[in-house]
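One structure below.
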Amino acid sequence: MAREALSLYDTTLRDGAQTQGVDFSLEDKLLIAEQLDGLGIDYVEAGYPGANPTDTKFFGEDRKLGTRLTAFGMTKRPGRSISNDPGFQALLAAKADAICLVGKTWDFHVDVALGITLDENLAGIKESVEAVVASGREALLDCEHFFDGYKANPKYALACAKAAYDAGARWVVLCDTNGGTLPEEIEAIVGEVVTHIPGDHLGIHVHNDTDNGVANSLAAVRAGARQIQGTLNGLGERCGNANLTSIIPTLMLKSDYAERYETKVTPEKLATLTHASRVLDEVLNRAPNRHAPYVGESAFAHKGGIHVSAVQKDPRTYEHVPPESVGNVRKLLVSDQGGRSNILAQLDHIGISVPKDDPRVGRLLDVVKEHEAVGYAYEAAEASFELLARRMLGNVPQFFDVESFRVMVERRHNAVGDLVTISEATVKARVNGDTVMSVGEGNGPVNALDNALRKDLGPYQSYIDDLELVDYKVRILTGGTDAVTRVLIESRDGEGRRWFTVGVSPNIVDASFEALLDSINYKLIRDGAPAP
Ligand SMILES: [Zn+2]
């Protein structure tokens, strides 16, 4: 039997960005959009052009992604024509494949929040959708508060949805904006809506305020909706949005759904899910939820004699799906088998092949465990892991040695009386038998250190000229006076390739320096710089 297509729509970068404490930079957004694209998500809603400089910049360039890049915005302002609405014009100017508009469908909101008549609101939806369609872009309408609206005035809520569909919206998305609707209500209401609008034009967008975000999304699919909107790791304001990190594997690994529906997420792509989830946490600078279904560190962890021995006989005894299907690993807390296969999988991923029983794999595993115990995070710093692995398994040349460095930070009044903070770093290195001393200045100690280190690397200079630091994240790992600092650095080369390195130390400058060194060494190895 042919399976029906389900469309996946991610709004991590827009609705997810509403979360308290979340503020994505342009680089963050690009990195996460790439992860989502790699997963096979149909639509990536990346922001609200015109609302803030980051989003305007994001949509100011052609991003060349396989996914349908979607810009978000509001239906036209009441009492204005579209040509006279600067917000709407900014939306139309965005370099996006699709535009998702949010419109009001609850009569109470039209009355109280907009203060216009119900007919004016309907006309606004129609005109706005038509304008998007006329611009050659795919149009979507997020029907805000649809379920509350439907309960209050079903005829009007439906009229709004219908107006968008009739005006040419590819998807009419029913939103549970307040997140309080229960699965049985969702299923019943969507079941009524599909008798007016075809299900393959209906989407579901729910919030998780009763912890039913996933259940509500699946209920809508059962009732006929064919697009699911959600976010990675369930990121979103209040209690979060529907969690795509749980919904996607459920759709693919549970036979009731897998036999009936298909998405663009292939089994190979599904195996990158855990990685994508952890990358988001790293970008957000927060610890991953260990107990997250499918992707959490504990999702396939087994402790205690009976469980472990049963799992070793047949994992199905205590696992509902195989961990590798979502790119996670089994953890048996009494042996290191899980860790060993994890390391072998990671080596394979970066293109290093070693025999399964090579004793160096065990030693590498021990070192990784020791490092992770003191704060390193290789999941997010693959370049540092690769360097470590190559050092232990092969021969990474010692391109240069840093004998010492010194950093000075000075805060003073400058000639015109302004308070300024200046950093200066001195690095003493041995390159090709010569001792070089370089001095660099910067807007902070790490920047100064980076400038000094890269000033003169002799024969290796040409390899690092196009190396650029694009992001720098600091996390304090333990509280109190013995706190340890982890620094994660993202680097990029002239061809746009990126890599991440990590450093850990009680001293923030020292941790940064370690990550900087890894970044340079990684680039030299990858670009085939000759050994001294
Ligand atoms: Zn929302």
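Across the range 95-111, the qualifying residues are those that are in a helix (DSSP H, G or I) and among the acidic types (Asp, Glu), and the one among them that is most open to solvent (accessible area, probe 1.4 Å) is 111.
The one condition from (1) open to solvent by less than 20 Å² (accessible area, probe 1.4 Å); (2) under 28 Å from residue 192 (Cβ atoms) that residue 222 does not meet is (1). Of the numbered criteria (1) open to solvent by 40 Å² or more (accessible area, probe 1.4 Å); (2) assigned to a helix (DSSP H, G or I), the one residue 88 fails is (1).
For the range 13-23, the tally of residues that are open to solvent by less than 10 Å² (accessible area, probe 1.4 Å) and closer than 17 Å to residue 63 by Cα stands at 1.
Residues considered: 6, 39. Of these, the only one that is closer than 19 Å to residue 139 by Cα and either at pLDDT 95 or above or touching a Ser or Thr at 6+ places or on another chain (Cβ under 9 Å) (or both) is 6. So, in the range 461-477, how many residues would count as being open to solvent by less than 50 Å² (accessible area, probe 1.4 Å) and closer than 18 Å to residue 500 by Cα? So the count comes out to 7. The set of residues from the range 427-453 being surrounded by 16 or more Cβ atoms within 10 Å (Cβ to Cβ), farther than 19 Å from residue 409 by Cα and not β-branched (Val, Ile, Thr) comprises just one member, 429. Scanning the range 27-69 for residues that are part of a strand (DSSP E or B) and open to solvent by 60 Å² or more (accessible area, probe 1.4 Å) gives a single hit, 68. Only residues that are over 22 Å from residue 70 (Cα atoms) and open to solvent by less than 20 Å² (accessible area, probe 1.4 Å) were counted across the range 149-170, and they come to 3.
Summed over the range 201-246, residues that are within 11 Å of the ligand (Cβ to nearest atom), touching an Asp or Glu at 6+ places or on another chain (Cβ under 8 Å) and among the polar types (S, T, N, Q) total 3. The number of residues in the range 162-200 being charged (D, E, K, R), more than 16 Å from the ligand (Cβ to nearest atom) and under 20 Å from residue 15 (Cβ atoms) comes to 1. Restricted to the range 429-532, the set of strands (runs of 3 or more DSSP E) holding at least 3 residues that are small (Gly, Ala, Ser) comprises 434-442. Looking across the range 116-148, the residues that are open to solvent by 20 Å² or more (accessible area, probe 1.4 Å), part of a loop (DSSP other than H, G, I, E, B), touching a residue at least 24 places away in the same chain (Cβ under 8 Å) and not charged (D, E, K, R) come down to 116, 135.
Whenever a residue of the range 3-27 is closer than 30 Å to residue 262 by Cα, its partners that are hydroxyl-bearing (Ser, Thr, Tyr) and more than 15 Å from the ligand (Cβ to nearest atom), lying with C-beta atoms within less than 8 angstrom and at least six residues away or across chains, give the pairs 3/261; 4/261; 5/261; 5/263; 6/261; 6/263; 7/263; 8/263. Scanning the range 1-26 for residues that are within 28 Å of residue 199 (Cβ to Cβ) and in a loop (DSSP other than H, G, I, E, B) yields a count of 9.
Does residue 169 count as in contact with a Leu (Cβ under 9 Å, 6 or more places away or on another chain), assigned to a helix (DSSP H, G or I) and without any contact (Cβ under 8 Å) to a residue 60 or more places away in the chain? The answer is no for residue 169. Within the range 230-244, being within 19 Å of residue 70 (Cα to Cα) and either aromatic (Phe, Trp, Tyr) or part of a loop (DSSP other than H, G, I, E, B) (or both) holds for 235, 236, 242.
Within the range 64-75, the presence of at least one residue that is over 29 Å from residue 35 (Cβ atoms) and at pLDDT 95 or above is confirmed.
Table: residues versus (1) open to solvent by less than 70 Å² (accessible area, probe 1.4 Å); (2) in contact with a helix residue (DSSP H, G or I) (Cβ under 6 Å, 6 or more places away or on another chain); (3) of a type in the set (Lys, Arg).
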position: 349; (1), (2), (3): no, no, no
position: 365; (1), (2), (3): yes, yes, no
position: 398; (1), (2), (3): no, no, no
position: 407; (1), (2), (3): yes, yes, no
position: 416; (1), (2), (3): no, no, no
position: 422; (1), (2), (3): yes, no, no
position: 425; (1), (2), (3): yes, yes, no
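Taking the range 319-347 on its own, how many of its residues are at pLDDT 85 or above, surrounded by 16 or more Cβ atoms within 10 Å (Cβ to Cβ) and part of a loop (DSSP other than H, G, I, E, B)? Residues in the range 319-347 being at pLDDT 85 or above, surrounded by 16 or more Cβ atoms within 10 Å (Cβ to Cβ) and part of a loop (DSSP other than H, G, I, E, B): 4 in total. In the range 373-395, of all residues being under 20 Å from residue 278 (Cα atoms) and loosely packed, with under 14 Cβ neighbours inside 10 Å, the one that is modelled with the lowest pLDDT corresponds to 373. Residues in the range 485-532 that are at pLDDT below 90, among the hydrophobic types (A, V, I, L, M, F, W, C) and either surrounded by 15 or more Cβ atoms within 10 Å (Cβ to Cβ) or at positive phi (or both): there are none. Going by the conditions given, is residue 186 more than 24 Å from residue 99 (Cβ to Cβ), open to solvent by less than 10 Å² (accessible area, probe 1.4 Å) and out of contact with any Gly (no Cβ under 6 Å at 6 or more places or on another chain)? Spelling it out, residue 186 is indeed more than 24 Å from residue 99 (Cβ to Cβ), open to solvent by less than 10 Å² (accessible area, probe 1.4 Å) and out of contact with any Gly (no Cβ under 6 Å at 6 or more places or on another chain). Scanning the range 257-289 for residues that are at pLDDT 95 or above and either of a type in the set (Lys, Arg) or more than 18 Å from the chain's Cα centre (by Cα) (or both) turns up 257, 258, 259, 260, 261, 262, 263, 264, 266, 267, 268, 269.
The values are calculated or read from the model by the stated rules, or taken from the named source; none is laboratory data. Since we're looking at a predicted model, the values are computed, not measured. As a convention, Cβ positions derive from the backbone with ideal geometry for all residues, glycine included, and neighbour counts pool all protein chains shown. Surface accessibility is based on the protein's heavy atoms, side chains included, excluding ligands, DNA and RNA. Shrake-Rupley method; radii C 1.70, N 1.55, O 1.52, S 1.80 Å.
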